[in-house]
Amino acid sequence: QVQLVESGGGLVQVGGSRRLACAASGSIFRINAMGWDRQAPGKQRELVAAITYGGRTNYADSVKGRFTISRDNARTTVYLHMNSLKPEDTSVYYCNAEIRRRSYSVYADYWGQGTQVTVSS
């Protein structure tokens, strides 16, 4: 069993900051890339940010310069530091990870349940 548990969502004012965290646990041999997607009501899910095992990062154009993705030394927890938040950042944010459960397994994608971030003006 593998679990990705997000935390840190909530209500924040325009221009404010928030940090999301996602911890992976369970039967895990190795985690490769981790990242965050988001989905607002009536819109398609979109990639927000991703970080590879080696620490290379990738961001959606809409969040570049405002959001920072990072990972802990154990590479089991991923963070999303969100600054200068805008109303259009309001979404459910989902954590995802490429996980290999055994040394002989292939990588599979896992997702968290999502955490709501609401940016209020």
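The values are calculated or read from the model by the stated rules, or taken from the named source; none is laboratory data. Everything numeric here is computed off the predicted structure, so don't read it as measured data. Reconstructed Cβ throughout: ideal geometry from the backbone, glycine too, with neighbour counts over all protein chains shown. Ligands, DNA and RNA are excluded from the accessible area calculation, which covers all protein heavy atoms including side chains. Shrake-Rupley method; radii C 1.70, N 1.55, O 1.52, S 1.80 Å.
When Leu85, Leu47 are screened for being more than 15 Å from Ser17 (Cα to Cα) and at pLDDT 95 or above, only Leu47 passes. Of all residues in segment 98-107, exactly one satisfies the criterion of being open to solvent by less than 40 Å² (accessible area, probe 1.4 Å) and modelled with pLDDT of 95 or more, namely Ile99. Taking segment 86-97 as the range and being surrounded by fewer than 22 Cβ atoms within 10 Å (Cβ to Cβ) and among the aliphatic types (A, V, I, L, M) as the test, only Val92 passes. Considering only segment 47-67, state which residues are within 21 Å of Lys86 (Cα to Cα) and open to solvent by less than 70 Å² (accessible area, probe 1.4 Å). Scanning segment 47-67 gives Val48, Ala49, Ala50, Tyr59, Ala60, Ser62, Val63, Arg66, Phe67. Looking at Gln44, Gln13, Gln1, just one residue is more than 22 Å from Val117 (Cβ to Cβ) and open to solvent by 40 Å² or more (accessible area, probe 1.4 Å), and that residue is Gln1. Taking the criterion of being under 14 Å from Asn83 (Cα atoms) and not in a loop (DSSP other than H, G, I, E, B), the residues of segment 11-28 that qualify are Leu11, Val12, Gln13, Arg18, Arg19, Leu20. Tallying residues that are over 17 Å from Glu6 (Cα atoms) and surrounded by 19 or more Cβ atoms within 10 Å (Cβ to Cβ) within segment 68-85 yields 1. Evaluated against (1) touching a Lys or Arg at 6+ places or on another chain (Cβ under 7 Å); (2) charged (D, E, K, R); (3) open to solvent by 30 Å² or more (accessible area, probe 1.4 Å), Asp37 falls short on exactly one condition, (3).
Pairs linking a residue in segment 95-107 that is free of Cβ contacts under 8 Å to residues at least 12 places away in the same chain to a residue that is surrounded by fewer than 17 Cβ atoms within 10 Å (Cβ to Cβ) and of a type in the set (Val, Ile, Thr), with Cβ atoms under 9 Å and 6 or more positions apart or on different chains, do not occur.
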